[in-house]
Every structure is written in C-alpha cells, then in structure tokens.
1. Can you find, within the stretch 47-58, the residue that is nearest to the ligand (Cβ to nearest atom) among those that are open to solvent by 70 Å² or more (accessible area, probe 1.4 Å) and of a type in the set (Lys, Arg)?
2. May I ask you to list the residues in the stretch 92-114 that are modelled with pLDDT under 80 and open to solvent by 80 Å² or more (accessible area, probe 1.4 Å)?
3. Considering each residue of the stretch 8-41, count those that are surrounded by 13 or more Cβ atoms within 10 Å (Cβ to Cβ), part of a helix (DSSP H, G or I) and within 9 Å of the ligand (Cβ to nearest atom), and give that number.
Amino acid sequence: MEITCDIVMDLVDVYTNDIASEDTKNAVKEHLKTCTDCRRYYDGYKKSLESEQKKKIIVTEKSPGLNEDIISESMSELSKRLRTRRTIRNITSGVAIAVSLAVLIKEFFEADHD
Ligand SMILES: [Zn+2]
C-alpha cells in the first residue's frame, strides 16, 4: 500500500510505540525504506521518545519498564500526601482553638475563685 509522508508522520507515534496494526506497520516500514525525510523524522522521534523515557525514570526514580501507570500512581501518591498535609493543618488549627478555649475557661474559673 502506498502512503504519503503526511500519513507516515501521523502514524509515527503508533508505529514507534508498537501499537499499530500489522498493515499500518508494514506500510510505514515500506515507506521508511524509500523516504529519507520520513526516516529522519522517525529517527528523531524515536530518540526524543527514548530521552523522554529516561527523563521519566529519573523523575520517578523507578525502573525499569516505566509507563503511564507509574506516573499516575505517583501523582495520586502526591495528591494523597497533599491531602494528608491539609488534614494535619486542620487538626493543628483545631488544637490551637481547643487550647485557646481551655486557656479562656481556665482564666474564667481562676478569676471566679479569686
Ligand atoms: Zn516520506
């Protein structure tokens, strides 16, 4: 099947991630054999993808086979931590209110006794 450079560039993503159908893969492969422009584009895309993945590994400090699951997992971990921190802050201000109430009550009774 003959496909144009535009089609190949559209398909480079699915082709590189190996999620294209056999027909698509073959068509892209055939085109890459004959078209220097697309091959250069494909090589550049692959390289940027690889360095992107390396970056992700450094960011999450998790390896190997890093994928989106791990990213979203660490994102939800992060938001869980943020939620916890917010809860602690709420408790802290609750305690502060309780302490100042206790002080007020204590002062009230002490004043009463004097
Ligand atoms: Zn081409």
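The values are calculated or read from the model by the stated rules, or taken from the named source; none is laboratory data. Note that this is a predicted model, so its numbers are computed, not measured. Reconstructed Cβ throughout: ideal geometry from the backbone, glycine too, with neighbour counts over all protein chains shown. Remember, those area values only see protein heavy atoms, side chains included, never the ligands or the DNA or RNA. Shrake-Rupley method; radii C 1.70, N 1.55, O 1.52, S 1.80 Å.
1. Among them, the one singled out is Lys47.
2. If the condition is that a residue be modelled with pLDDT under 80 and open to solvent by 80 Å² or more (accessible area, probe 1.4 Å), then Asp112, His113, Asp114 are the ones that fit.
3. Total satisfying the criteria: 7.
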